[in-house]
1. Quick one: which residues, 5 or more positions from residue B:199 or on another chain, have an amide H under 5 Å from its amide H? H modelled 1.01 Å from N in the peptide plane, none for Pro or chain starts.
2. I want to verify a result. In a Gaussian network model of chain B, Cα cutoff 10 Å, which of these has the top mean-square fluctuation: B:78, B:267, B:404?
3. Over the range B:192-253, what lengths in whole Å, largest first, do the semi-axes of the equivalent ellipsoid take, defined as the square roots of 5 times the eigenvalues of the alpha-carbon gyration tensor?
4. For the range B:259-265, just list the computed ³J(HN,Hα) in residue order, Karplus coefficients 6.51, -1.76 and 1.60, θ = phi - 60°, integers in Hz, with x standing in for Gly and Pro.
5. If I stretch the segment between residue B:193 and residue B:411 completely, what's the gain in nm (0.36 nm per residue apart, minus their alpha carbon distance), one decimal?
6. Near the amide H of residue B:98, under 5 Å away, which other amide H atoms are found, from residues 5 or more places off or on another chain, if H is placed in the peptide plane?
7. Assign unit charges at the C-beta atoms only (+1 for Lys and Arg, -1 for Asp and Glu), then state the dipole size of the range A:38-263 relative to its Cα centre in Debye, rounded to the nearest 20.
8. At 222 nm, what helix-only mean residue ellipticity would chain A give, in deg cm²/dmol to the nearest 500, using -39500 (n - 2.57) for each DSSP H run of four or more?
Amino acid sequence: MSVELLNFIETVINGLMSGIMYSLVALGFVLIFKASGVFNFAQGVFALFAALTLVGFQTGQVPFSHLINELFGTNFHNWYPSLHSFFAIILTIITMIVLAWLIEKLVLKHLVNQEPIILFMATIGLAFVLEGVGDLMWGSDVKVLDVGIPSGGSEWLEKTTVGWASEGSEYYGMYIDVLNVWATIIAVILVTALALFSQYTKTGRALRAVADDHQAALSVGISLRSIWVLVWAISGFIAMVAGIMWGTESGVQFSLSLIALKALPVLILGGFTSIPGAIIGGLLIGLGEKLAEIYIGGLLDIGAIENWFAYFMALVFLLFRPQGLFGDKIIERV
Amino acid sequence: MGLKKMMVGFLGSVIAIGGFLEVATADLKFPMLVYRTGAYAPNGIPNADGFVDYYKMINARDGGIGGEKIVFPECETGYKTQVGVECYEKHKENAMVFQPMSTGITYQLIPKASADGVTVYSTGYGRTSAKNGKVFKWIFNAPATYWDGASIAVRHILKQNMGNIKGKKIALVYHNSAYGKEPIRTLQVLAKKHGYKLMLLPVDHPGQEQKATWLKIRKQRPNYVLMWGWGVMNQVAIKQASSIKFPMENFIGIWWSGSENDVMPAGAGAHGYKALTFNAPGDDYQVHKDIKKYVHDKGQASGDGSHFGTVLYNRGLFQAMVQVEAARVAQKIHGTSKITPAMYRDGMENVDLNAKRMEELGFKNFAPPFKNTCENHGGSGLAAVQQWDAKAKKWNMITEYMYGDAEVVDKLIAEDSTKYAKEQKIAMRCN
């Protein structure tokens with residue numbers, strides 16, 4: 001094979017795998033939007049908060065230690081030296097469930113039947129509050145996150161593919177980050193679990209009923225509020241998974257909340273109400289932006305186009321298919 | 001309330017406000033533009049802590065500067081240019097000096113501060129050609145500029161290659177902002193001079209996703225990668241470089257891409273990564289002992305005190321020290337402790353931080369000596385290379401402090417500043 005073709009294949013694979021990382025963030029948005037019609041602006045901050053909490057539990061950091069020490073003149077920083085990642089993840093999941101319950105109790109409950117824009121504004125407020133609370137609880141330092149997921153280039157793939165290029169050509173083998181492979185496996189497991197949960201469990205069917213029609217679901221005795229807590233808790237769990245993946249890559253820090261911006265074009269492309277849409281949308285955006293950065297950018301001798309190119313793709317889709325690839329078609333009866 | 005009571009209350013308020021103003025104007029105001037929140041907070045916090053701890057120490061140990069207390073109101077910019085300008089407008093009254101901590105903000109403040117008569121000190125960042133004091137009366141960027149940094153990095157590469165880098169490929173991975181773009185011109189001129197090929201690879205804010213950039217590097221195999229990054233961009237770039245197995249000893253960051261925060265997330269993969277620096281890391285200098293004694297031991301450390309001795313904390317100490325020293329020089333020149341912003345500028349222009357003075361200030365061997373003059377607001381231009389030891393989790397200085405390529409840099413500074421002077425109709429000074 002020619003080196004150019006191998007490089008192209010490498011770009012395609014890496015683009016698709018980057019897309020999976022975006023999908024992990026987009027999934028949380030879709031779940032909440034599907035069940036409650038709320039566009040949760042705070043989803044990126046959810047991922048940040050979950051990752052901060054996870055590292056906090058792993059390292060035994062005392063929450064609000066800075067504040068406590070300042071107020072009482074104490075010197076508390078750590079409860080214990082370290083905690084196994086498994087237990088830290090369990091504690092983080094419990095924290096995210098409590099957070100979902102608090103959000104429902106303190107925010108959503110009071111905004112039932114309000115316009116979607118009001119709920120959207122509430123999630124903007126929630127994002128900033130949660131970011132501030134996260135800062136007070138765990139501090140703003142860059143935190144190293146390691147839950148045992150391997151990362152770095154795959155040596156096996158590199159060695160296997162190095163001989164694929166035509167003889168005499170300069171080729172170093174194909175590159176794939178192992179972390180992205182794990183992200184793909186985890187995304188597949190997540191989507192399968194979500195599909196099984198919504199198809200074959202009573203709660204899952206209730207969730208689908210709420211997503212289809214709030215009024216009808218209420219009329220058959222489904223508690224809207226408990227479904228909302230459940231959905232926000234699941235999306236908190238997904239945010240934790242996204243936070244782990246992105247935090248392993250860059251360390252856990254406040255810029256992590258900006259990964260939500262990567263999910264927006266994915267949602268526009270895949271549709272706000274479709275779980276497969278979030279995956280396919282992520283794949284398309286990841287692929288499109290990497291091809292654009294390397295090939296269009298290379299052709300025009302410009303760089304840093306991938307960020308806006310993702311939105312350009314989303315815009316083109318909006319013009320031709322406003323509901324996204326798999327979104328519910330908007331039908332308004334006059 | 002009776003009319004009499006109201007009058008007494010009003011007069012009381014006037015006297016109280018008057019008294020406050022008198023105190024406020026007698027103090028030396030050093031406003032701080034900080035970013036303790038947002039995407040760049042992990043860099044902004046240790047740096048701001050260094051400033052605050054140093055000012056607190058000077059107030060506690062010396063009773064201020066020449067008897068005048070330092071006041072240092074903080075204004076949160078979030079590293080946003082527009083907010084930085086608003087902070088400047090809010091605090092410019094009677095301000096001695098502004099340290100914008102952002103090249104973007106510095107560019108915006110240059111014309112404003114020059115018109116308002118306020119000193120701007122962009123330590124090792126900002127507009128490089130502001131080094132020319134003949135044009136930029138109010139702007140200082142000592143001890144080194146980005147163009148010095150670019151040419152020092154190339155000098156280091158030249159040394160490693162016996163002075164010949166013809167045909168080599170050097171990539172610049174840069175924050176796609178005014179800051180990141182600053183060294184491009186120098187690197188282009190140096191590419192012509194030394195015959196290397198320059199690859200430009202911008203990374204958009206915040207730099208969380210850089211896969212395409214590093215795939216390009218992997219395909220095109222540059223011999224060296226230089227980085228002008230900030231915040232999460234540094235951490236991701238170092239991690240990606242280690243992922244694609246780029247030789248870390250050939251990866252050199254500017255002095256804003258060389259803190260502990262930048263290398264820790266990559267773990268062992270960051271071993272061997274290099275960065276320029278104009279100040280030493282560590283916490284065993286006299287200044288640290290004084291800060292510990294007068295600030296930390298009294299429970300007054302800025303933040304939780306955990307950044308003590310880190311690269312960016314130490315840089316904050318250095319920046320604050322220069323600003324305080326400028327006030328002392330101004331007081332000496334003008335024979336008064338109650339200096340005005342204009343007097344402060346004179347002080348900054350006459351700062352002479354030779355080795356003896358550095359030692360007196362508790363900074364022995366902390367940074368290379370430098371001196372500002374009317375013509376030169378950019379100091380010595382000296383910087384060294386430090387290398388990360390992932391096992392010991394510390395930076396080691398691996399070279400002496402060295403100069404950049406004055407032949408190239410000085411010419412570029414003269415060109416750029418003269419052009420600016422023409423555009424702004426500024427008459428050359430220092431004649």
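1. HN-HN under 5 Å from residue B:199: B:170, B:171, B:172.
2. Checking each option, the largest mean-square fluctuation is seen for B:267.
3. Its equivalent ellipsoid spans semi-axes of 19, 13, 11 Å.
4. In residue order, the calculated couplings are 9, 4, 4, 6, 9, 4, x Hz.
5. Taking 0.36 nm per residue and subtracting the Cα distance, the gain is 77.1 nm.
6. Amide H neighbours of residue B:98: B:119, B:120, B:121.
7. 920
8. -22500 deg cm²/dmol
The numbers here are math on the coordinates, done by the rules we state, and not lab data. Everything numeric in this text was worked out from a predicted model, so none of it was measured. Note: ideal-geometry Cβ built from the backbone for every residue, glycine included; neighbour counts use all protein chains shown.
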